[in-house]
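Below you'll find the structure, written out as structure tokens, and then a few comments.
The values are calculated or read from the model by the stated rules, or taken from the named source; none is laboratory data. Since we're looking at a predicted model, the values are computed, not measured. Glycine also receives a Cβ, built like all others from the backbone with ideal geometry; neighbour counts cover every protein chain displayed. Quick note on the areas: whole protein, heavy atoms, side chains included, nothing else; ligands and nucleic acids left out. Shrake-Rupley method; radii C 1.70, N 1.55, O 1.52, S 1.80 Å.
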Amino acid sequence: MDVLEPLSYSPALLYAPLLVGSLCLVLNYVVYSRRVAQWRKSNIPFLTPSFLIGHKYFWGVGTNSATVVPLDRIYQENKDKDLVAFFIATMPVVLLRKPALIKQIFAKNFDEAFKTGFAVSHNDTITPHTLSQSPDKNVWKAQRNALSPMFVTTRFSGERFADIKNQITLTWTHVEETRLQGKPINIKEVAGIFFQDIISNSFLALDDNSYVEEGEFRKFLKSLVEPGWGRLLAVFSQMHLQGIPTLESLKFITQKHIESMRSLLQRQIKQRNQTGAQRNDLIDLLIKLKEQDQDGKLDSETDVTNEMLSLGLSFLLGGKISVAIVDIMVSFTIHLLSLNPEYQERIRREVEEVMEKHNTTEFTYEVVRDLHFLNQCLHESSRLYPSIPVISRVCTEDFTPAGTNYSFKKGELIIVDPYSIHRDPECFENPDVFDPDRFSPKSRDSKSVDAFLTFGKGPRKCPGGNVALLIASALIGSLLHKYEVRPHSHTRQMDASDFHPRSFANVHKDDVLVDVVPREIFAY
């Protein structure tokens with residue numbers, strides 16, 4: 001019998017990984033040291049970092065909110081500054097603190113700070129052409145112009161409001177069934193299903209009812225926004241590895257997402273071609289785009305070009321942002337209203353007055369559009385709990401904002417922390433108090449308008465903000481029209497400690513549960 005000799009390894013093979021790792025670490029340190037030296041010479045205030053960690057407040061990422069808590073502490077400790085630079089790991093960033101400076105850079109210096117901070121790698125052929133991430137201004141303008149009709153509230157006027165009315169009915173049924181079972185209502189889940197099913201049914205003709213079975217669009221969006229280390233690392237890699245080819249697992253939009261979107265669009269385009277229906281939705285827009293294609297390379301009427309795929313992803317990424325805004329806005333608004341029943345009653349009175357004004361007993365587009373106090377409540381809750389923790393821009397060229405001596409260099413990353421600005425007493429009086437009247441026409445002023453950042457600032461702000469507000473008003477208005485809402489899981493006003501520690505959005509780490517009582521019961 002042959003005796004197996006023990007395997008042997010050469011010293012070179014044993015030490016190669018250690019040598020490569022050491023060289024990478026040294027190279028990283030050299031680059032990091034040069035960056036620190038450059039920032040020390042800058043006229044922008046700079047906080048000294050630690051190698052690989054960056055600013056000390058980011059040591060606790062994963063145990064509290066990934067961005068809001070550390071950024072808020074830096075914001076509060078630098079009250080005497082308009083802006084301050086620091087490192088997140090080995091990535092230098094500039095935090096803007098003053099609304100006037102934010103407006104100046106994001107709007108007036110739009111051309112010099114056009115790119116979003118979430119760059120895509122060179123080995124990606126799809127996402128560089130999407131509306132939210134495109135570094136090419138011509139592509140961005142073309143996508144914005146093509147999709148603008150999809151993001152206007154009048155899309156839901158008249159007979160088109162039927163999708164929202166149907167979703168209101170489905171929600172009432174779900175809420176009532178849950179109540180009769182003696183269970184609290186998970187408003188976080190209700191908000192997500194309400195908005196996502198409206199989008200999928202109105203723009204993609206999917207006919208989803210996620211209260212019964214989770215819809216395809218809802219599954220797709222959850223794969224993009226579900227909190228976890230993977231999603232958090234994907235966002236960080238897009239900010240940190242600007243333009244560098246990245247691993248598939250570190251991409252925010254993976255090939256799996258792209259293929260899922262391609263399959264969905266192919267199926268819906270085929271169905272639309274078979275029925276010949278005209279819905280003036282995203283599918284019709286993509287079919288029109290295909291008909292205008294001049295290269296003649298489509299093999300069949302269901303083929304989806306990269307341009308069509310990019311436009312579809314642009315809409316759904318815009319939808320993703322709007323979904324995040326609505327989910328968070330509705331959940332936090334219901335939470336705050338459950339703690340402030342007097343504001344619930346004001347909304348009910350407003351609903352009844354507006355219905356009487358429009359001579360109807362039902363929710364219509366005109367009724368929802370005219371719920372102005374409810375709109376104030378939504379603005380105020382999104383001030384206290386802005387859905388997006390960071391708004392970022394990358395300088396596309398060197399520039400100095402007018403009226404300042406701050407010099408920004410091409411490639412520098414600029415960020416804004418809406419949570420801290422929204423709770424700054426210099427911007428909003430009694431900032432921690434839920435006061436919807438601060439957004440009334442007589443109370444609103446230019447200072448508060450400039451400081452309000454929930455939907456972003458400048459030309460690249462969220463295009464679906466008004467649609468988000470309309471749908472959120474429809475859900476909350478219809479819910480409070482039938483029920484009184486009382487706190488169940490959260491009996492005190494939430495703060496940043498309640499945000500999910502591994503999410504790139506300001507979502508609550510726990511379900512937001514409320515109890516509901518039918519109005520005919522609590523009225524007697």
Starting from the Cα gyration tensor of region 405-524, multiply each eigenvalue by 5, take the square root, and state the resulting semi-axes largest first in whole Å. 33, 19, 16
Search the structure for amide H atoms under 5 Å from the amide H of S210, placed 1.01 Å from N in the peptide plane, and list their residues when 5 or more places away or on another chain. G215
Summing Lys, Arg as +1 and Asp, Glu as -1, what charge do residues with Cβ under 14 Å from the Cβ of A191 carry, A191 excluded? -1
Where only alpha carbons of region 380-472 are counted, the Rg and the Dmax (Å): 15.2, 43
With a 1.4 Å probe and all protein chains left in place, how much of the accessible area of region 398-518 comes from carbon and sulfur atoms, in whole percent? 46 percent
Lysine pairs in region 363-518 with alpha-carbon atoms under 29 Å apart, 8 or more places apart or on different chains: how many are there? 12
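Given the peptides 265-275, 132-142, arrange them by the average over their residues of other C-beta atoms within 10 Å, most packed first.
Values: 265-275: 15.3, 132-142: 16.9.
Ranking, from highest mean packing down: 132-142, 265-275.
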